[in-house]
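Read-outs throughout are calculated quantities, based only on the coordinates presented, and are distinct from any laboratory measurement. If you're wondering where the values come from, they're calculated on a predicted model, not measured in any experiment. So basically every Cβ, Gly included, is an ideal-geometry build from the backbone, and we count neighbours across all protein chains shown.
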Amino acid sequence: MGLQEGMEVATFAGGCFWCTEAVFLELKGVKSVVPGYIGGKTVNPTYKEICGGETGHAEAIEITFDPNEMAFGELLEIFFATHDPTTLNRQGNDVGTQYRSEIFYHNEKQKKISEDYIDLMTKENTFGKTVVTKVSAASKFYVAEDYHKNYYNDNKSQGYCSYIITPKIDKLKKLYGDKLKSK
């Protein structure tokens, strides 16, 4: 299945894909968010293999968006505002290379915007620590197992969701309310 005309794809790894998927599903211009695995060596990896940290893949999301409604740079801003880009291979209690912060660009424009954004944050010392987010060419993206899709919305009362993801959604609503889909 090809990409719908006028749409673009962005691929971000920012820790657990349950968290990142939940954030980006809320945004105007985002047509779909698919959790999956990218950046490793194993062909057709499983969640269990990813969790072992041996495949080299990151938990990531593939976002299909309309750049006329939400620019790639705006997606980047929200990506950096809703995870910690200063911790190497870790987001909170989630530790391992699968939880790394990485942008997988799909064209030279995305690469340049990403690198320029990281350079600006570094120059301005935005986080008070070094940004460790990598910028890499997108490789094969493997879609995660079905039970990972829309995980937060289907499991809001689950402990991880209510303690980890709900505060991210609340922050998103507070900081970027004008960029959210109307409900």
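Out of 23, 33, report the one residue that is under 18 Å from residue 181 (Cα atoms), surrounded by 20 or more Cβ atoms within 10 Å (Cβ to Cβ), free of Cβ contacts under 8 Å to residues at least 40 places away in the same chain and of a type outside the set (Asp, Glu). Break it down into steps so the answer makes sense when it comes.
Working: 23 fails: free of Cβ contacts under 8 Å to residues at least 40 places away in the same chain.
Residue meeting the stated conditions: 33.
Yes or no: region 143-166 includes at least one residue that is under 18 Å from residue 10 (Cβ atoms) and either of a type in the set (Ser, Thr, Tyr) or surrounded by fewer than 16 Cβ atoms within 10 Å (Cβ to Cβ) (or both).
Filtering region 143-166 for residues under 18 Å from residue 10 (Cβ atoms) gives 143-144, 149.
From what is left, the residues that are either of a type in the set (Ser, Thr, Tyr) or surrounded by fewer than 16 Cβ atoms within 10 Å (Cβ to Cβ) (or both) are 143.
There is at least one residue in region 143-166 that is under 18 Å from residue 10 (Cβ atoms) and either of a type in the set (Ser, Thr, Tyr) or surrounded by fewer than 16 Cβ atoms within 10 Å (Cβ to Cβ) (or both).
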Self-check item: Only one of 82, 86 that is under 18 Å from residue 18 (Cβ atoms), within 16 Å of the chain's Cα centre (by Cα) and either exposed (fewer than 14 other Cβ atoms within 10 Å of the Cβ) or of a type in the set (Ser, Thr, Tyr) (or both)
Solution: 82
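Can you give me the number of residues within region 1-21 that are out of contact with any strand residue (DSSP E or B) (no Cβ under 7 Å at 6 or more places or on another chain) and either within 17 Å of residue 134 (Cα to Cα) or assigned to a loop (DSSP other than H, G, I, E, B) (or both)? Steps first, answer last, please.
Going through region 1-21, the residues out of contact with any strand residue (DSSP E or B) (no Cβ under 7 Å at 6 or more places or on another chain) turn out to be 1-2, 4-6, 18-19.
This time we only want the ones that are either within 17 Å of residue 134 (Cα to Cα) or assigned to a loop (DSSP other than H, G, I, E, B) (or both), so: 1-2, 4-6.
Final tally of qualifying residues: 5.
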